[in-house]
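The values are calculated or read from the model by the stated rules, or taken from the named source; none is laboratory data. Because the structure is predicted, anything quoted here is derived from the model rather than measured. Every residue, glycine among them, receives a Cβ derived from its backbone with ideal geometry; neighbour counts consider all protein chains shown.
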Amino acid sequence: MKQLDGKKINDIPGKRLLKGDSFAFRCYPEISCFNRCCRNLNLFLYPYDVIRLRRNLEINSDEFLDQYVDIVLRPHSHFPDVLLRMADNKEKTCPFLSTSGCSVYLDRPDTCRTFPVEQGLLYDATTNTSEPVHFLRPPDFCQGQHESQQWTIDEWCQDQQAIRYNQMTVRWAEVKRLFENNPWGAEGPYGARGKMAFMACYNIDRFRSFVFDSSFKKRYKIKPAIRKKLRIDDDQLLQFGFEWVKFFLWGITPRYFKPK
Ligand code: SF4
Ligand code: SF4
């Protein structure tokens, strides 16, 4: 998800979709370009994507990160990005692409769901608020854009069951924006604090152990109703993790817990 400010928004390629704007699109197995978009991608995975994919694959988050991603630190970035590793074949296909299509379709990443629309987050520094923005950006080879079926962005997100994904991605983007300023000092993003922050955001199974099996409970008071949910509810735990990162790196007051 791109972080945008008012100045950058006009530089984004593609057509900005405002609420109520419609666009033409339809994708179906018989279309001539079927699955062409699932190869040779720079597909960034967001924390909620990882939760859903590892659940779909019935493996834990350690195994998922080991087997399926590359972790990269982009220039001028202070937090690593997680890229889905393409298969080692000539076409560099997505590891989840099968002859009949996407093998993780029900849990496919946010970017795949919203495609051919891209979601960004427009930040207003004067009010310290953000709002999602959408751009239609089908690649030239995508024949779906020449179909007659029309969608508004709301209809499209509903149809693709992307609403929860979009919400979680926006929450993540709000955390990621804080990393525009370097919180690490000399230890860098791969120091002890960096590893803890990465775990809270991308390794939900380890983070659950950290919350329940370490001294965390002695150091922080978690609201009882929330604590119960954290044991079983990955979505809630991820949001808790975002709050914890914001608190321990930037001192932002959390809602779900407080230091003892
Ligand atoms: S390129 Fe476009 S129309 Fe073709 S399969 Fe991908 S999303 Fe569908
Ligand atoms: S996750 Fe599924 S939809 Fe996304 S690129 Fe891979 S095969 Fe295509």
Subset tally (residues that are surrounded by 19 or more Cβ atoms within 10 Å (Cβ to Cβ) and out of contact with any Leu (no Cβ under 8 Å at 6 or more places or on another chain)) for the range 161-178: 7
Residues that are under 24 Å from Trp156 (Cβ atoms) and at pLDDT below 90, drawn from the range 77-118: Ser100
Single condition Arg55 does not satisfy, out of (1) under 30 Å from Asn181 (Cβ atoms); (2) modelled with pLDDT of 95 or more; (3) basic (Lys, Arg): (1)
Filtering the range 83-93 down to residues that are touching a residue at least 40 places away in the same chain (Cβ under 8 Å) and either acidic (Asp, Glu) or closer than 12 Å to Cys37 by Cα (or both), which residue is nearest to ligand 2 (Cβ to nearest atom)? Thr93
The range 205-260, subset touching a residue at least 40 places away in the same chain (Cβ under 8 Å) and of a type in the set (Phe, Trp, Tyr), residue nearest to Thr169 (Cα to Cα): Phe242
Set Leu45, Leu18: member being over 19 Å from the mean Cα position of the chain (by Cα) and closer than 30 Å to Leu238 by Cα: Leu18
If the requirement is being in the same structural domain as Arg164 (by TED's automatic domain parsing), within 16 Å of ligand 2 (Cβ to nearest atom) and within 20 Å of Gln167 (Cα to Cα), which of these qualifies: Phe115, Phe96, Phe135, Phe141? Phe115
Any idea which of Phe79, Phe115, Phe135 is away from ligand 1 (no atom under 15 Å from the Cβ) and under 16 Å from the mean Cα position of the chain (by Cα)? Phe79
Do we have Thr152 as polar (S, T, N, Q) and within 16 Å of ligand 2 (Cβ to nearest atom) here? no
Would the range 31-40 turn up any residue that is more than 15 Å from ligand 2 (Cβ to nearest atom), of a type outside the set (Val, Ile, Thr) and in a helix (DSSP H, G or I)? no
Which of the residues spanning the range 26-47 are more than 9 Å from ligand 1 (Cβ to nearest atom) and touching a residue at least 24 places away in the same chain (Cβ under 8 Å)? Arg39, Asn40, Leu41, Asn42, Leu43, Phe44, Leu45, Tyr46, Pro47
Filter pass, Cys102 being buried (at least 17 other Cβ atoms within 10 Å of the Cβ), within 13 Å of ligand 1 (Cβ to nearest atom) and in contact (Cβ under 8 Å) with a residue 60 or more places away in the chain: no
For residues that are under 30 Å from Phe198 (Cβ atoms) and part of a helix (DSSP H, G or I), tally how many sit in the range 119-177. 16
What are the residue pairs meeting all of these: first residue in the range 170-195, first residue closer than 24 Å to Pro132 by Cα, second residue among the polar types (S, T, N, Q) and surrounded by fewer than 17 Cβ atoms within 10 Å (Cβ to Cβ), Cβ atoms under 6 Å, and 6 or more apart or on different chains? Arg177/Gln3
Residues satisfying the stated conditions in the range 158-169, i.e. touching a residue at least 40 places away in the same chain (Cβ under 8 Å), within 16 Å of ligand 2 (Cβ to nearest atom) and not polar (S, T, N, Q): Ala162, Tyr165
